[in-house]
Amino acid sequence: MSVPLDLFPESARVTAANTISIGDCDLVELAARYGTPLYLYDTQTILARARAYREALRTSYPGRATVCYAAKAYVAPWLLKLLAPEGLGLDVVSGGELHVATVADFPRERIYFHGNNKGEDELVSALDRRIARIVVDNLDEVALLGRLAAARGAKQAVLLRLGPGVDAHTHAHLLTGATDTKFGLDIQSGAAEEGVRAILAQPSLDLRGFHTHIGSQIRDLEPYRASVDRIFAFAAAMRETTGFVMREMSPGGGYPVRYTPEDPALKPVEMVRDVAATIAGAARTYGFELPEITIEPGRSIVAPAGVALYRVGSVKKGTRTYVAVDGGMADNIRPTAYDARYTAALANRVNDPSDAEVAIAGKYCETGDILIPQVKLPSPRVGDLLAVPVAGAYQLSMASNYNLAPRPAVVIVADGAARLVRRRETYDDLVAGEGAR
C-alpha cells in the first residue's frame, strides 16, 4: 500500500479485492451507495482516542480533571451522543455549537463556552441553559455577562482567558497564545489583571480560575510548560494583590496529529501526561492546592477517525499530471488556508504499483484549489476512488457552498454497518433560504 495504513482509522484493512475497508465496510461499496464526495467516520477510532485521553489524565493527575472535546474541530448530534457516555466535557465557541449540544442532550454541567466575541443572544442562551462555565475573553464581555446574569438572579461561574505570551512554534494562523493575539487578555500588558479585578467587582460572576490556549498542531512540550508556569505565576500575583485564589485552570488543547507519512511519529497522550505533571508541579511550586483542570483535544480525537472519498473525473498531463476530483476547497479549505498537507490512496486499487507522481486538484474555480500538490499513486484513471485519510477535523466544520456546491454526505461505520448521519445537500437546499424565488 502506497500510504501507511496507520494514517487511516484504526479499523482500516486492505481486502482480498485490493480495496480499503473501514469498520468492516468496503469504501468502494460505500461510495457506490452514498455517492461522492463522501465523508466517513470510524466510531472505534473516536472512542479509543477519547478513552486514551481520559485514562491519561486519570493516571497522571491526582486532582479532578476533565477531557473537554473541542467542538470547533467538528460537531454533530451523533458525535456528541457517542462522547457523552464517556464522561467527556464539551468546549463550544458559538450559539450554533451550543444548540447542537442541546439537540444532542449533552450534559449541560459539562459544557464550557469559549469565544472572543460572544453575542448577547449567545450569552443569554448559555445562561438560560445553565452551562458549567463561560470563558470570559474581554472587559466588554465582563460587563455584558455581569448584567445579564444579574437580571436572571444567577451567579455564573467563569474562567478568564489569558494571553500568556508564548510562541507555540506553529503556523501563524494557528497561533492563539502569543502576545499579539485577538484571544484573551494579555498578562504582560496588565490587561489580564484588569480583567480579574473587573470580574471580582461583578456580584453575579464567580471567578473560578484561568484558561489559555496557545495554538494548534503543537509538537513541542516546552510551550505548554512555559504557558503553565506563566498562568501560575500570574495566579500567585493575583492571590497576593487581590486575594483571589485560583481553583480551576485549563492549559487548552492543540495536540497534534500526523497528516502525511513524512510527519514525525506523535504521542499526544504522552504530551497530556507531561502537561498534567507540569500543572501538579507548578501548583506545588507556587503554593496552590491542586486546581481542577480541563484539557481540550478536538482535532486529535476526530481527525484520524475521518476519511474523505472522492471520484476521479479527469487526468490531465502537462507540466504536472493533474488528477481532478469531485470535491476540493469547498469541503476542505485547509490546504488553501493553512498550506495543510495531506496524502491519499486509491481505495479501489490499493496495492497496485505507485508509479505516478500527480497533483490532486479540486473542481472549483480557483487556481489555489489543490488538495494535494504532490503524491505518488497507481496511475489514476477516470472513475477511480480517491481516499484521503486524517480528514475528520476542520474540513466539514469549515465547509462552504462555494460555486454553489452542495456539502457532502456523512456516514459513520462500525462492525460492518454504515449509517447515514448527514444527507448530501441538494440544489434546492442551496436556495431554501432565499427570499425571492
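Given in Å, the Rg to one decimal and the Dmax to the nearest whole number for the Cα atoms of region 114-297 are 16.6, 55. Considering only Ala265, Ser204, Leu123, and ranking their Cα positions along the charge dipole of region 114-297 that arises from unit charges at the beta-carbon of Lys, Arg, Asp and Glu, the one farthest toward the positive end is Ser204. Restricting attention to the chain, lysine pairs at least eight places apart or on different chains and with alpha-carbon atoms under 29 angstrom apart total 18.
For the chain, the longest principal axis of the C-alpha atoms and the axis of helix 43-60 are separated by about 30°. DSSP bridge analysis restricted to region 114-297 gives an antiparallel fraction near 5%, rounded to the nearest 5. Counting only alpha carbon atoms, the long axis of helix 191-200 and the longest principal axis of the chain meet at about 60°. Measuring how big the chain is from its alpha-carbon positions, Rg and Dmax come out at 22.9, 70 Å.
Compared with the dominant principal axis of the Cα atoms in the chain, helix 222-242 is inclined by about 20°. Pairs of Cα atoms nearer than 8 Å and 6+ residues apart set the relative contact order; for the chain it is 21 percent.
Per-residue ellipticity at 222 nm for the chain, helices alone: DSSP H runs ≥ 4 residues times -39500 (n - 2.57), over residue total, nearest 500 deg cm²/dmol?
Numbers: 12 runs with 129 residues, N = 437.
My calculation for the chain gives -9000 deg cm²/dmol from helical runs alone.
Couplings 3J(HN,Hα) of region 301-311, computed from phi: 8, 9, 4, x, 7, x, 9, 9, 10, 10, 9 Hz, in residue order, whole Hz [Karplus 6.51 cos²θ - 1.76 cosθ + 1.60, θ = phi - 60°; x for Gly and Pro].
By its C-alpha gyration tensor, with a ≥ b ≥ c as the square roots of the eigenvalues, how is region 1-128 shaped: rounded for a/c under 1.5, else prolate for a/b larger than b/c, else oblate? Because a/c hits 1.5 or more and a/b fails to exceed b/c, region 1-128 counts as oblate.
Amide H contacts for Gly298 (H built 1.01 Å from N in the peptide plane; partners 5 or more residues away or on another chain; cut-off under 5 Å): Ala70, Gly254, Tyr255. Using θ = phi - 60° in the Karplus curve 6.51 cos²θ - 1.76 cosθ + 1.60, the 3J(HN,Hα) couplings for region 293-298 round to 10, 10, 10, 10, x, x Hz; x is entered for Gly and Pro. Multiplying the residue separation of Asp105 and Ala154 by 0.36 nm and removing their Cα-Cα distance gives an extension gain of 15.4 nm.
The packing ranking, built from the mean of other Cβ atoms within 10 Å per residue, places the peptides 4-15, 249-260 in the order 249-260, 4-15, highest first.
Just so you know, all these numbers are worked out from the coordinates, no wet-lab data involved. Every value quoted in this text rests on a predicted model; they were computed, and no experiment measured them. Every residue, glycine among them, receives a Cβ derived from its backbone with ideal geometry; neighbour counts consider all protein chains shown.
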